[in-house]
């Protein structure tokens, strides 16, 4: 079934070494996998497993020491800094652990940000796309709210809308529920599952093993290598889990 | 990022830090205002000096006895007795490029009328003097060549003399006799007021009498202190000076190469000397003010560097959503230029306001347009130059580290 689908991400024996003083640290020791369009992949590992390094590779923020990384068919390793910036702008939507919204800026302006660096959009198209993305994450009523007037869950929704606005090939979420309470975390997972159903490709990097139940595939890292790569045949519904949570108490 | 967006982002960044931006702008505002005020005062003074000098006479050329050396000691020019009436007559008869000429003998002392007295200077002249020095008579008549021949005891007085001696500026004094150094002089005319000159000298504190009267009756001397000449036209001023030199050299039997015992200076020359002096003073003032602009520029650089560090996370975010290094550096450059240009604009307003205030307080002031243009250009350059280092710092950040910066 996979073979009919488009490959969005392909890693071929990706290695990444860092020089720390006189020592060489091997953060990634030969990683190879393909991610197909429409997959919801969780990448898991303890700290030091190389998952942050892998995320930087996938997000084109860094390049491999050796091996090759194809993002939507484009080889990334030999690209220049500015070329990778443009590639990120067109192909990737980032969702960070601590939201990273611009301070004192409205939701819609925050979501417009990636399109500011794409000259194909004029002001009107930018705004339209941003409003659409905010509606998609359920914030259609809070377009003009400033980032400091919102709750953590709302801010993360804005961040997700910002990741959607450029219609990316892949959404990269880095511990996207890490700063949220249980209930809000499940709300986010519901949203990610909905996006997955709509056909989005999502990579969710986390150290929380629970989240793997809600994704379609789980890649486990350890010491810079893939230890496990499993398709989840039995995807749990985050919406059901959310409903099963005890009602919020106002004490 | 498009230019309009760059401007918008810069305005938002500036508005997010109003007080800090205003403080760093203050340096630019003060610097630009200082430059403009200094230039205005320089320009204004120059213009007023020129005006003042041209009021002294028409194409005026002044001949004075030259400072001579006697046994290695330079003598006081006013003590020299080299200019004679014969020189005046030669000039009057022979010089072709002159319009008018008047010999001058002066004497300072006390003038008395009734119980009143004042200190003044009597200028011994010919009637042509009024034309040479641009005096006009308000009342009465000027003395005649006949009066000169007879060394008549008549005089013209300035308004200050009228006020001092008769108690009222507009008192009728024609026909009254005043005493200068015990010589009685009958007033036959009153000069129209010229007011104070640039150096604060009261030009109306003056008595004009026939030069023969002053020479023989008052000063008891047989030489002239000055010969005032007015050239036919401004352009012929230099030629006229040459002509005068020839006549005087012949009269004084000065051969070529010998030092002259007289000096000839034209109004033109004086204006140029004054202008050059004023220019030098203006340049010194402007350079001093320009240094404050330099300091202001460093202030902007400082605040931009702080801003870049403070907004590391924002830079990281912008880079991860697709900003290239040059997008980031442009953003900070535009911000720096906007701060300095806004400061420049406010500085121009303050400067023009200051210059207007200064001129209303009596300082000669005139804002040269080019000083406004210059300050604006300098401001844009300051933003560009001092924004460059912070902008480069921002552009070179590593997005991975920047986004995790706390």
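In table form, for the structure just shown:
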{"quantity": "Single condition residue B:393 does not satisfy, out of (1) within 17 Å of residue B:307 (Cβ to Cβ); (2) surrounded by fewer than 20 Cβ atoms within 10 Å (Cβ to Cβ); (3) within 14 Å of chain A (Cβ to nearest Cβ)", "calculated": "(3)"}
{"quantity": "Out of B:110, B:75, B:51, sole residue that is out of contact with any helix residue (DSSP H, G or I) (no Cβ under 8 Å at 6 or more places or on another chain), more than 30 Å from residue B:386 (Cα to Cα) and modelled with pLDDT of 90 or more", "calculated": "B:110"}
{"quantity": "Within the stretch B:338-370, tally of residues that are part of a helix (DSSP H, G or I) and surrounded by fewer than 24 Cβ atoms within 10 Å (Cβ to Cβ)", "calculated": "18"}
{"quantity": "Residue check for residue A:176: touching a helix residue (DSSP H, G or I) at 6+ places or on another chain (Cβ under 8 Å), part of a helix (DSSP H, G or I) and either free of Cβ contacts under 8 Å to residues at least 40 places away in the same chain or surrounded by 15 or more Cβ atoms within 10 Å (Cβ to Cβ) (or both)", "calculated": "no"}
{"quantity": "Residues located in the stretch B:260-295, provided they are in a loop (DSSP other than H, G, I, E, B) and in contact with a strand residue (DSSP E or B) (Cβ under 8 Å, 6 or more places away or on another chain)", "calculated": "B:261"}
{"quantity": "Any strands (runs of 3 or more DSSP E) falling wholly within the stretch A:1-100 and containing at least 2 residues that are away from chain B (no Cβ under 14 Å)", "calculated": "A:7-20, A:23-36, A:40-44, A:66-71"}
{"quantity": "Residues of the stretch B:389-406 classified as assigned to a helix (DSSP H, G or I) and in contact with a helix residue (DSSP H, G or I) (Cβ under 7 Å, 6 or more places away or on another chain), total", "calculated": "11"}
{"quantity": "Given (1) crowded, with 19+ Cβ neighbours inside 10 Å; (2) within 23 Å of residue B:57 (Cβ to Cβ), number of the condition residue B:165 does not satisfy", "calculated": "(2)"}
{"quantity": "Breaking point among (1) within 12 Å of another protein chain (Cβ to nearest Cβ); (2) touching a residue at least 40 places away in the same chain (Cβ under 8 Å); (3) part of a helix (DSSP H, G or I), for residue B:318", "calculated": "(2)"}
{"quantity": "Unique match (being in contact (Cβ under 8 Å) with a residue 60 or more places away in the chain, closer than 15 Å to residue B:14 by Cβ and buried (at least 18 other Cβ atoms within 10 Å of the Cβ)) among B:403, B:382, B:303", "calculated": "B:303"}
{"quantity": "Selection from the stretch A:112-122 of residues that are out of contact with any helix residue (DSSP H, G or I) (no Cβ under 8 Å at 6 or more places or on another chain) and either within 9 Å of residue A:166 (Cβ to Cβ) or within 9 Å of chain B (Cβ to nearest Cβ) (or both)", "calculated": "A:119, A:122"}
{"quantity": "Looking only at the stretch A:126-170, and only at residues there that are touching a strand residue (DSSP E or B) at 6+ places or on another chain (Cβ under 8 Å), farther than 15 Å from residue A:99 by Cβ and away from every other protein chain (no Cβ under 13 Å), the one that is surrounded by the fewest Cβ atoms within 10 Å (Cβ to Cβ)", "calculated": "A:144"}
{"quantity": "Any chance residue A:22 is farther than 17 Å from residue A:227 by Cβ and free of Cβ contacts under 8 Å to residues at least 24 places away in the same chain", "calculated": "yes"}
{"quantity": "Any hit, the stretch A:202-211, residues being free of Cβ contacts under 8 Å to residues at least 40 places away in the same chain and surrounded by 17 or more Cβ atoms within 10 Å (Cβ to Cβ)", "calculated": "no"}
{"quantity": "Failed condition for residue A:226, given (1) more than 15 Å from the chain's Cα centre (by Cα); (2) farther than 19 Å from residue A:6 by Cβ; (3) surrounded by fewer than 19 Cβ atoms within 10 Å (Cβ to Cβ)", "calculated": "(3)"}
{"quantity": "Output for the stretch B:97-118, where each listed residue is more than 21 Å from residue B:215 (Cβ to Cβ) and under 33 Å from the mean Cα position of the chain (by Cα)", "calculated": "B:97, B:98, B:99, B:118"}
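The values are calculated or read from the model by the stated rules, or taken from the named source; none is laboratory data. Bear in mind that the values here come from a model prediction, so they are computed numbers and not experimental data. We place every Cβ from the backbone using ideal geometry, glycine too, and count neighbours over all the protein chains shown.
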